[in-house]
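Okay, here's the structure, questions in a sec.
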Amino acid sequence: MVNSDDERAGEAYLLVPKCSKVQLNGKEKVSSPTQEVDVDIVQKTIGVFGRWHIFVCLIIFLVKFPVAWHQLSIVFVAAPVDFYCVNNSTEKCSSNCTNYVYDMSVFKSTIATEWDLVCDKTYLVNFAQTVTMLGILCGNMVFGYLSDRFGRRNPLVLAVVIQAASGLAAALSPWFSLFLVMRFLAALATGGTMVTSFVLIMEILGTEWRTVIGVLYQIPFNLGHLLLPLIGYYVRDWRYFQAIISAPSLALIVYYWILPESPRWQLATGNKEGAIATMRRAAKANQLPIDKIEQDITLYLEHKESKASPQAKGNILDLVRTPTIRMYTIAIGFNWLVCGLCFFGVSQYIGQLGGNIFVNVAISAVIQVPSTIFACYATKAWGRKKTLIVADVMSGVAILLIAAVPAHTPWAKTLLSSIGMFGLALSFPTVYIYSGELFPTVLRNIGVGASSMCARIGSMVAPFVAALGATEPWIPPLVFGAVPLVGAVLCLKLPETLDCKLPDTIEEAERYNVKRSEEGVVGDVTEMS
């Protein structure tokens, strides 16, 4: 996006004649007579993608494995088991039955067998998953705020510490109530690692690599999902299972010593010495010159102070205070809702392909892998906006058609469900990248956190919508199919962000939107860069 005057300090820029072309990040851009083509000082100093970037991305990718495990572990922790009353002459859910015998042929122990969560207590199993999604929702918001206030690294370290401690405590919980509390804290920390790690990656990468790395960021989650049924197959006791998926987070405490702070955040908050130190280490690792880094950053901050009025740190109210950011919040937030509501709802159709719980979960995970890989191509070739619209339309139409499929053709429902899941899995990495690029630096964590919160709300509602199938079979496909189509319509109000410089301030985003409206430009990449 075109920077405002107070954000141009210390950056190299050119005033070019009408229709002249300039090189920016290796690409030719056509500029107007008064347009200044700004060079991102972070990208200029540490490069777009080098050894330092690869190292940081790889170690951050590791955090996505526990994210998948904690978010989806309820499938095995609370796996359904057959049971009957000790007194065979009594109905198993009769008030006269006080003791139960469980079928241990598949699982040795689950939270249902541990605390007799059957019959009138069955709802507590579903409540455990609701607590998980609520915890992730809260974590997105709490750690989004913390990382905007205190940096990206320290809150991420705090999150993995809480994730490991509470996850292991859940495995040792003697009471179901304590298990719920520990599960909520583990989920809260998981939500924190999700939003903070993604924003840190987006802020260190050059524009040319944000698309590919932003999508590949989802692959570790897919791999974690694939490993889950493998772990569950060999570990049939829920306590050992919970401990195994929680213990690896202890190793991530090393982030405190090896993970750098976001130089973009340091610059945005005026931390000159920290930014200089971070960018020197990065430039040195990438084999780039470091002699002029301190001079460039000094000029940047001096010019910023002389031209700009003091910038307050963003808060959640800023997401709805101005018209452009408000539209971004509504449109991207609703698309996150689509991902959460429909992804988990349609997963129930995939889960009905066979009777083996391990195969079912594996199939659900495998479907996501090719979709995520395809997202690497689509988000770069088509752009974020078109990719998200195509994904929404594909999933919406496919799921709607399920309602029209005759009951005697289950293969057709399976095929349509798979197409719908493919589209929804394509939406997830796309909306991740899109939301990370739409919001300015001062609001990025809060914006991504608030948007991701909508996905958690959707995931909590999904089981209730799916349950309506017992009343009318056509209701779930209608809801799960219509919602993505509404999301596609809302996308029309968003600009394209492919290969664009990340906005730093709210004023910058608002100013571009006004200019875009005046010129009749809709998401034109050359105008935003």
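Name the single residue that is modelled with the lowest pLDDT among those in segment 211-249 being hydrophobic (A, V, I, L, M, F, W, C) and within 21 Å of Ile201 (Cα to Cα).
Step one: of segment 211-249, the residues hydrophobic (A, V, I, L, M, F, W, C) are 212-213, 215-216, 219, 221, 223, 226-228, 230-231, 235, 238, 241, 243-245, 247.
Add one more test, that the residue is within 21 Å of Ile201 (Cα to Cα), and what stays is 212-213, 215-216, 219, 221, 223.
Numbers: Val212: 80, Ile213: 83, Val215: 76, Leu216: 83, Ile219: 87, Phe221: 88, Leu223: 90.
Once the filter is applied, the top-ranked residue is Val215.
Let me ask something additional. Go through (1) within 22 Å of Pro473 (Cα to Cα); (2) touching a Phe, Trp or Tyr at 6+ places or on another chain (Cβ under 9 Å) one by one and return the number of the condition Trp411 breaks.
The one condition Trp411 does not meet is (2).
In addition: Just checking, how many residues over segment 97-112 are of a type in the set (S, T, N, Q) and buried (at least 16 other Cβ atoms within 10 Å of the Cβ)?
Counting residues in segment 97-112 that are of a type in the set (S, T, N, Q) and buried (at least 16 other Cβ atoms within 10 Å of the Cβ) gives 2.
Conditions (1) in contact with a Pro (Cβ under 8 Å, 6 or more places away or on another chain); (2) among the aromatic types (Phe, Trp, Tyr), marked per residue:
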residue	(1), (2)
Ala186	no, no
Gly192	yes, no
Tyr234	no, yes
Gln242	no, no
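Moving on to the next point. Of all residues in segment 478-521 being buried (at least 18 other Cβ atoms within 10 Å of the Cβ) and among the small types (Gly, Ala, Ser), which is modelled with the lowest pLDDT?
Among those that are buried (at least 18 other Cβ atoms within 10 Å of the Cβ) and among the small types (Gly, Ala, Ser), it is Ala509.
The conditions are (1) touching a Pro at 6+ places or on another chain (Cβ under 6 Å); (2) among the hydrophobic types (A, V, I, L, M, F, W, C); (3) over 16 Å from Ile475 (Cβ atoms), and Leu426 fails exactly one of them. Which is it?
(1)
Which fully enclosed helices (runs of 4 or more DSSP H) of segment 23-121 have 3 or more residues being aliphatic (A, V, I, L, M) and modelled with pLDDT of 85 or more? Please lay out each step first, then the result.
Numbers: elements: 41-46, 51-61, 64-72, 74-77, 111-115.
Helices (runs of 4 or more DSSP H) meeting the threshold: 51-61.
Can you tell me which residues in segment 247-282 are in a helix (DSSP H, G or I), among the small types (Gly, Ala, Ser) and surrounded by fewer than 21 Cβ atoms within 10 Å (Cβ to Cβ)? Please lay out each step first, then the result.
Kept after step one, since they are in a helix (DSSP H, G or I), are these residues of segment 247-282: 247-258, 263-268, 272-282.
If we keep only those that are among the small types (Gly, Ala, Ser) as well, we get 247, 249, 251, 268, 274-275, 277, 282.
Ala247, Ala251, Gly274, Ala277, listed by residue number.
Which residues, counting only those in segment 89-112, are over 19 Å from Phe176 (Cβ atoms) and touching a residue at least 40 places away in the same chain (Cβ under 8 Å)?
Val106
Another one. Which condition number in (1) open to solvent by 30 Å² or more (accessible area, probe 1.4 Å); (2) farther than 17 Å from Phe184 by Cβ; (3) within 26 Å of the chain's Cα centre (by Cα) is the one that Leu134 fails?
Every listed condition holds for Leu134 apart from (2).
Let me ask something else about it. Is it the case that segment 113-129 has a residue that's touching a helix residue (DSSP H, G or I) at 6+ places or on another chain (Cβ under 6 Å), of a type in the set (Ser, Thr, Tyr), open to solvent by less than 60 Å² (accessible area, probe 1.4 Å) and in contact (Cβ under 8 Å) with a residue 12 or more places away in the chain?
no
Can you say whether Ile433 is among the aliphatic types (A, V, I, L, M), crowded, with 19+ Cβ neighbours inside 10 Å and in contact with a Leu (Cβ under 8 Å, 6 or more places away or on another chain), as far as the supplied structure shows? Working first, answer last.
Working: among the aliphatic types (A, V, I, L, M): yes; crowded, with 19+ Cβ neighbours inside 10 Å: yes; in contact with a Leu (Cβ under 8 Å, 6 or more places away or on another chain): no.
For Ile433, the condition - among the aliphatic types (A, V, I, L, M), crowded, with 19+ Cβ neighbours inside 10 Å and in contact with a Leu (Cβ under 8 Å, 6 or more places away or on another chain) - is not met.
Has segment 456-477 got at least one residue that is within 18 Å of the chain's Cα centre (by Cα), open to solvent by less than 10 Å² (accessible area, probe 1.4 Å) and within 23 Å of Val212 (Cα to Cα)?
No, segment 456-477 contains no residue that is within 18 Å of the chain's Cα centre (by Cα), open to solvent by less than 10 Å² (accessible area, probe 1.4 Å) and within 23 Å of Val212 (Cα to Cα).
Take segment 256-307 and flag every residue that is over 33 Å from the mean Cα position of the chain (by Cα), among the charged types (D, E, K, R) and under 17 Å from Asp40 (Cβ atoms).
Answer for segment 256-307, where residues must be over 33 Å from the mean Cα position of the chain (by Cα), among the charged types (D, E, K, R) and under 17 Å from Asp40 (Cβ atoms): Lys292, Asp296.
Which of the residues belonging to segment 49-94 are of a type in the set (D, E, K, R), in contact with a helix residue (DSSP H, G or I) (Cβ under 8 Å, 6 or more places away or on another chain) and surrounded by fewer than 21 Cβ atoms within 10 Å (Cβ to Cβ)?
Our first condition is that a residue be of a type in the set (D, E, K, R); within segment 49-94, this holds for 51, 64, 82, 91-92.
Remaining after also requiring in contact with a helix residue (DSSP H, G or I) (Cβ under 8 Å, 6 or more places away or on another chain): 51, 64, 92.
Result: Arg51, Lys92.
The values are calculated or read from the model by the stated rules, or taken from the named source; none is laboratory data. Everything numeric in this text was worked out from a predicted model, so none of it was measured. Ideal geometry is used to build each Cβ from the backbone, glycine not excepted, and the neighbour counts take in all protein chains shown. SASA here: full protein model, heavy atoms, side chains in, ligands and nucleic acids out. Shrake-Rupley method; radii C 1.70, N 1.55, O 1.52, S 1.80 Å.
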